[in-house]
Amino acid sequence: MAVFRHLPLLLVLYSLFGFTFSSRVSIINNGYRDLVVAISPDVHPDQASDLLYNIQRIITEASADLYAATRQRSYIQSVQILIPQKWVNITASASTWETFQDAEIQIDHPNWKYGDMPYTVQLGGCGDPGQYIHWTPNYVNTFDYDTTKLQFGPAGKLFVREWARLRYGVFEEHGYTGADTTFPTFYRPGTAQQSADMVPNVCSHEPVDFVVDYGCGVDRKTGLYDSNCTYSFANSFKPTSSILSDNRMLSSAVHFCDDDPSSLHRHNREAPTKQNAVCNTQSVWSVISKHADFAGNNNPPATIANVKPTFNIVRVLTGARYVLVTDVSGSMDDYDRITRLNEAARRWIKYDITEGTSLGIVKFSTSATMLSDLTVVNDDTRQQLMDKVPNYTEGGTCIGCGLQIALDILEPGGKGGVIVLVTDGLENEHPYIEEMYPQLIDAQVQVVSIAFGDDAEDEIEVLATKTNGKSYFINDDGNDDELNDAFTGSLTYQPAVPTGELTVLLFQKKYKNGNRFEDSVFVDFTIGRDLTFRVDYTNRYFIDSFSVNSPSGQVYDSVTYDNSAKLAYIIIPGLAEEGEWRFTLNVYQGYPQDYANVIVTSRSRTDSAAPITVECSVPSGTVVQDAAVTPVRLVAVVKHGRNRVLGANVIAHVVSPNSADNVVQLEDNGIGGDLTENNGIYSGFYVAVYNSGRYTLVCEVNSAEGTYIDDGVTAQQRTAMGNFERVQSGGAFRVEIPMTTVYPPSRVTDLKVVAMQVDQMSFKIEWTATGDELDVGTASAYQIKYSTTFDSLMDDNFDSSSSVQFGSQDIIDGSMQPLESGSKQNVTLRLPSTVEDATYYIALRIINSNNVASDTSNVVSVQIVRVKPPQTQPPPTTTTLVPPTTSSSLTVGCDGVLTTPNGLLTSPNYPGAYPNNYNCQWTIQVDRTSKIRLAFSHFDTESPFDYVEVYDGSSDSATRLLKHSGFTVPNAPVSSSSNKMLVRFVTDSTGNNFRGWRATYTIA
């Protein structure tokens, strides 16, 4: 066995592909069952007891809040807490089906942008489920601290808010500070909902009682408050909705806003929130009510006395369980499928499956036979398992028979397990796959389906979707790398490993029809350990020689061959140089039917750091029933640990049933198929869905000029990232009904007013162009309309006479001619003259080359009224001056006096961009017999221009104890010599991409 022990296993290959985010959580009699909270193996075990205790407290509190928020329709009934495999000192039951990557809540180290703020990763649109909720260990262990509650809100309600995003696909109902935001902090309503001139951008069941914070002015271009203006709620403002609004409303909020006109929690359709933009003005409760959990009177309101969840702590005790179920029917002889399957499966067993995993093998034709019961994989058993893989064919096709034997093999070990199903034909023997669904779902087995050839049974993709598995398709052109992708992709269900142990795929390419091939791959600064060049071949005699050259010119040509698995490899010793590595493959031309695949992998540069990774997927699932109804959206998530990689070049390769290779550029620009700009999630629509059948997806990622890791380092301090490359399979999806017409353009969701001239009755709007079909190409025309009535611009009314279309005669500057998808557009238009104050609503549609219109954009408003500077006042002297730390967080202003024994101070909008031209101070004054100790926990400002000063007294004439700037936290706490301390924050006119700072004070 010495031949293969030195080749790094690919089991930790980061191939998080194709997740449809279908959760295993079920709801029965109003109770959500089997919610999984998983703790990352990167979390240190010394936090274990506190984490496990507090997880249960948070979710118990949340269950009662969810029961109230969903109007007695749901609560959390049972929770599985998956702890890392190496936490051996914690008593736990055996984990059988729970995995970290599929968990609804993942507890891991923070993403710098959010800090300890819980957040949900959402890859889909309105009504689409999210990927997971992220908690940090620090948040879990401090959730009940007063400072944490002030920042984030009560933990139970905060969970309900994130659960609504994850489960039901809804979005926030609040605004943001910053000049680039489409969702401003303030807006002027056109209805009588509010009595104030301009109001906070929130959804509340009652008029918002607030004061504008000190220093706010009017933006002369828009006539609105400037983009850094913030507000504070009055102490008497205690709204009961909405839970999706400003964090500071969570303490009293109980409900979601509703579309029902008679509801006490009436939705604010006019507010320029993300919920209104993405969900086309639907309320949060309207979207939730349409979810399968509640639609059709599912889970109606019920009186439930005990909504306290049960908890079960689980850990992987014996390794993952796999059963390989292979088709050996006569058609597997076609295109030499049985041989190719045999070779790929043998490689998988010998090199990819981690030691300690249990593997069973089943073959099926007219009936099914167990070739190997579950066997623990180790050096002594790999060869005997390889020898069990079938290499001959016989009989018909009874897929259900093979699945039944696999279930029988897995059943003694409890629920869970993974079935890798390979088939090439239509099932023609009972039991059929459909008959096996109840057993498979009840057993909580995940099925990885591998369709071998065009005629493979259609139901296998449905099977993968129903069991939260994934699908692959193997073309009959002999392309063996697809089989490798399928087998290694199935290993993502292995127990999670620390990020330092991840192996990433850098390069993969097939070589045929030639005698010499030269290519290269880049080793970037995040990888370098166990750099491996692997060659999979169909015939040993096809390979003449293989060599690798390092960036400095060193040659590596000592190749290890393993003909039993039909592969060869070179492993670079030590830490590989950064830069371009070149390789040369020489082959013999006398074997025209043969080919070789070169695969390059590496691990992170240090065992404590994460490599850059890629997830590639079709979030809507592995089966597209009707492409006209469900456009195919492709997504790649590029990360460095928990931080996002921005500005990368991401290309999706889609091979259609007619073998055409279509290239789709995936963008992170917040338009069309992409939900949010600059979040490291690259998306795009695939419109060439002209054939029914199976499509395969591969994502390629490399660096571009300006690519960077969004880790809080400022643009001025950022170093060049250098070249990097990644490639990742996204598996396969099957289209049942292809497109027979054309798609309309995508809807514009970022329309906003950027300037206004009241005296000239003109305004300037800006948006991002979508495409001719969805977000592809260039559209033909725009229809831009205005009305004095909001509803006149809704989709059903857009073409009515109650709205007026702007024409060329109304253009003052700019153009209404569409630009290429992704381009920023603006136009300045003239409104009709009026002597009265008036509100005009504006929206647009895009018309494509086939005269098909998009849905109506988000609606913006222009108010013809002169705005007086806001009446501002300093906040009251109270410790409730603490702003929350989400991107909706809003500073309470200046000149506050804090008098409690302990409290919290943060920069405005922490941990988001703080305002420019800011000069603000806070006085801390405690009991006369006490002194003050101030400690900073986070610090990120533009050095040296934005800084914090601390004075030993109540004025800046006192001794200065600290002046600090940059991104490092001050080394030590600051202590006063008396009971008074002054904290001052000063910023200049540039640089608003910094996180700000956070400090707590106590009595010394």
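What follows draws every value from the coordinates through simple rules; no lab data is involved. Bear in mind the structure is a predicted one, so any value in this text is a computation, not a measurement. Cβ: placed from backbone, ideal geometry, glycine included. Neighbour counts: every protein chain shown.
Quick notes on this structure:
- Bridge type composition, segment 321-493 - antiparallel percent by DSSP, nearest 5: 20 percent
- Taken along its three principal axes, the alpha carbon spread of segment 321-493 comes to 36, 35, 25 Å, from the longest extent down to the shortest.
- Simple label model, 7 Å out from Cα along Cβ direction - residue 367 to residue 960, nm: 8.9 nm
- Computed from the C-beta positions of residue 593 and residue 719 and an R0 of 51 Å, the FRET efficiency is 0.55 to the nearest 0.05.
- Annotation for segment 251-305 versus segment 25-90: alpha-carbon center distance of 24 Å.
- What separates the Cα centres of segment 817-856 and segment 893-933 is a distance of 44 Å.
- Near residue 470, the amide H atoms lying under 5 Å from its own belong to 447, 448, 449; only residues 5 or more places off or on other chains count, and H is placed 1.01 Å from N.
- Among the listed pairs 149/470; 113/824; 824/963; 86/113, those whose Cα-Cα separation exceeds 32 Å are 149/470; 824/963.
- Taking amide hydrogens as placed 1.01 Å from N in the peptide plane, the amide H of residue 731 sits under 5 Å from those of 697, each at least 5 positions away in sequence or on another chain.
- As a proxy for reagent exposure, ranking 980, 963 by other Cβ atoms within 10 Å from fewest up yields 963, 980.
- Computed about its Cα centre, the charge dipole of the chain is approximately 2840 debye, with only Lys, Arg, Asp and Glu carrying charge at their Cβ.
- Förster radius 30 Å - calculated FRET efficiency between residue 988 and residue 234, Cβ distance, rounded to 0.05: 0.40
- Neighbour counts of other Cβ atoms within 10 Å put 266, 960 in the fewest-to-most order 960, 266.
- Computed [θ] at 222 nm, helices only, for the chain once each DSSP H run of length n ≥ 4 contributes -39500 (n - 2.57): -3000 deg cm²/dmol
- Going from the residue with the fewest nearby Cβ atoms within 10 Å to the one with the most, 759, 424, 895 rank 759, 895, 424.
- Spin-label pair residue 91-residue 754: with each label point 7 Å from Cα along the Cα-Cβ axis, the two points sit 6.3 nm from one another.
- Intensity falloff of segment 588-650 expressed as log10 I(q)/I(0), Debye formula with alpha-carbon point scatterers, at q = 0.16, 0.20, 0.21 Å⁻¹: -0.80, -0.89, -0.92
- Which listed pairs, of 221/752; 157/308; 764/785; 221/274; 510/566, have C-alpha distances above 21 Å, in listed order: 221/274
- Ordering 396-402, 499-505 by mean Cβ neighbour count within 10 Å, with the highest value first, yields 396-402, 499-505.
- Additional length obtainable on full extension of the chain from residue 428 to residue 306, 0.36 nm per residue less Cα span: 39.0 nm
- Those residues of segment 562-606 whose amide nitrogen sits under 14 Å from the label point placed on residue 539, 7 Å along Cα→Cβ: 587-596
- Translational diffusion coefficient of segment 503-604 (Stokes-Einstein, Kirkwood radius from Cα pairs, 10 °C, 1.306 mPa s): 115 µm²/s.
- Where a label projected 7 Å from the Cα of residue 972 along Cα→Cβ would reach, residues of segment 908-945 with amide N under 15 Å: 933-936
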